[in-house]
Amino acid sequence: MIEEKSYLRELGGAPKAKEKTVDLIKSSKVLRKRYGRVYVNIGDPIQMKAYLSAQRETFEEMTLEERQSLYRKIGYEIVLEISKVSVVTPFALISAGLLSHDRRGCLWMI
């Protein structure tokens with residue numbers, strides 16, 4: 001983490017220092033270093049108005065149980081769309097493999 005020291009001070013209760021443009025210029029040396037990769041993928045937006053109008057009943061006519069089912073369905077669709085645009089990195093792949101083991105993690109190697 002680039003601002004690790006200031007982050008730890010803030011966690012300890014110190015007030016957050018105001019950021020200034022001059023600080024960005026001074027930190028240009030830090031910003032030139034390679035810290036890894038960042039992936040940004042943006043999927044298609046979900047149009048809630050169209051989504052709700054495609055339902056059998058209007059939102060106001062739905063019972064509490066039907067609304068909760070709708071929220072769950074929307075949540076699953078959002079997670080599906082996120083997984084469609086997610087990048088699988090080697091670290092994530094190995095982590096998923098270790099966590100899917102029946103003993104959950106690396107403790108079995110000890």
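Brief remarks follow.
- One residue alone among Tyr51, Tyr35 is over 30 Å from Glu3 (Cβ atoms) and either of a type in the set (Gly, Ala, Ser) or more than 16 Å from the chain's Cα centre (by Cα) (or both), and that residue is Tyr51.
- Residue check for Leu52: modelled with pLDDT of 90 or more and out of contact with any strand residue (DSSP E or B) (no Cβ under 6 Å at 6 or more places or on another chain): no
- Here the condition is being under 30 Å from Pro90 (Cα atoms) and modelled with pLDDT of 80 or more; of Lys29, Lys33, Lys20, Lys5, it holds for Lys5 alone.
The values are calculated or read from the model by the stated rules, or taken from the named source; none is laboratory data. Given the structure is predicted, the values throughout are model-derived calculations rather than measurements. When we count neighbours, we look across all protein chains shown, and the Cβ atoms used for this are built from the backbone with ideal geometry, even at glycine.
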